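A.B. asks: Pasting a structure here, questions to come.
The values are calculated or read from the model by the stated rules, or taken from the named source; none is laboratory data. On a predicted model such as this, the values are computed, not experimentally measured, just so you know. Backbone-built Cβ (ideal geometry, glycine too); neighbour counts: all protein chains shown. Ligands, DNA and RNA are excluded from the accessible area calculation, which covers all protein heavy atoms including side chains. Shrake-Rupley method; radii C 1.70, N 1.55, O 1.52, S 1.80 Å.
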Amino acid sequence: MDLTSKITRILRSLYKAYGRVPALKRSDPVDEIIRTVLSQNTSDKNSVPAFYALKRSFRSWERVLKADTGKIASVIKHAGLANIKAQRIKEVLAEIKRREGMISLARLEGMGLEESEGYLRSIKGIGPKTAACVLLFSFAKPVMPVDTHIFRVSKRLGLIDNDLTIEDAHKALTAMVPKGLIYRFHLGIIEHGRRTCKAARPSCEACVLYEMCGFKLKSFYRKNRRQ
Ligand code: SF4
């Protein structure tokens, strides 16, 4: 089976298992950057409330930029590494303001994919995952953000090599997944990683992708099922 057919089959199976992924609702790109900074090294359960607390407390990114780093850190403390994240948020906002004259990335809408990715990656503190999240979720551009679930599940499914770095995985999956399916693949594989293909003990015995997966625990589970 070629890779495109395999990806199509994977997405069809995930749809049957978890239902339709929500339609893309484009987010503000600056919001998306701050949300991603807050999500580093923690779960959504901690980072999402921190993001809304930040929005509620300061009401605008201009105010966050002018605020004391310690005050920002205290508002986002539930996201962990609060001092480092507060500093990073201020630096990113300051750089956007320096380049654009205001805290807005609306100008990226008119840029090509490579140019907009290069622009974002040249801002200190914005790595490949953050840039890809902004491009996909704010501008609906065909780039694959690779988080820990996508990285793990894609390897187990044999879509990418085991020795690939996360940065290489981002490039490989962006090139491999048909453009119109990137958003669906991203959300579907994350859902699968959270619910079934967990890091420590994947539920292979209940997995809808079982027949397509070459992960070695498969034989372990198959043996156990026979017992
Ligand atoms: S069979 Fe197991 S390892 Fe493979 S995708 Fe399913 S849960 Fe993950």
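A.B. asks: Which residues, taken from the range 105-120, are open to solvent by less than 40 Å² (accessible area, probe 1.4 Å) and of a type in the set (A, V, I, L, M, F, W, C)?
C.D. replies: 105, 108, 111, 120
A.B. asks: Which number in (1) over 29 Å from residue 154 (Cβ atoms); (2) without any contact (Cβ under 8 Å) to a residue 12 or more places away in the chain; (3) touching a Phe, Trp or Tyr at 6+ places or on another chain (Cβ under 8 Å) marks the one condition that residue 111 misses?
C.D. replies: The number of the failed condition is (1).
A.B. asks: When you scan the range 1-30, how many residues do you find that are free of Cβ contacts under 8 Å to residues at least 40 places away in the same chain and not hydrophobic (A, V, I, L, M, F, W, C)?
C.D. replies: 6
A.B. asks: Return yes when residue 21 is surrounded by 15 or more Cβ atoms within 10 Å (Cβ to Cβ) and outside any helix (DSSP H, G or I) and no when it is not. First the steps, then the outcome.
C.D. replies: On the way: surrounded by 15 or more Cβ atoms within 10 Å (Cβ to Cβ): yes; outside any helix (DSSP H, G or I): yes.
Considered against the rule, which asks whether it is surrounded by 15 or more Cβ atoms within 10 Å (Cβ to Cβ) and outside any helix (DSSP H, G or I), residue 21 comes out as yes.
A.B. asks: Let me ask something else about it. Taking the range 135-169 on its own, how many of its residues are open to solvent by 10 Å² or more (accessible area, probe 1.4 Å), of a type in the set (Gly, Ala, Ser) and more than 15 Å from residue 114 (Cα to Cα)?
C.D. replies: Final tally of qualifying residues: 1.
A.B. asks: Being within 17 Å of the chain's Cα centre (by Cα), buried (at least 20 other Cβ atoms within 10 Å of the Cβ) and not assigned by TED's automatic domain parsing to the domain that holds residue 182 is the requirement here; does residue 38 meet it?
C.D. replies: Numbers: within 17 Å of the chain's Cα centre (by Cα): yes; buried (at least 20 other Cβ atoms within 10 Å of the Cβ): yes; not assigned by TED's automatic domain parsing to the domain that holds residue 182: yes.
In short, yes.
A.B. asks: Here is a follow-up. Residues of the range 168-207 being more than 16 Å from the ligand (Cβ to nearest atom), of a type in the set (Lys, Arg) and closer than 18 Å to residue 129 by Cβ, which ones?
C.D. replies: 171 - this is the single residue of the range 168-207 that is more than 16 Å from the ligand (Cβ to nearest atom), of a type in the set (Lys, Arg) and closer than 18 Å to residue 129 by Cβ.
Residue-by-condition table, conditions (1) surrounded by fewer than 16 Cβ atoms within 10 Å (Cβ to Cβ); (2) in contact (Cβ under 8 Å) with a residue 40 or more places away in the chain; (3) in a helix (DSSP H, G or I):
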site	(1), (2), (3)
54	no, no, yes
74	yes, no, yes
83	yes, no, yes
88	no, yes, yes
126	no, yes, no
133	no, yes, yes
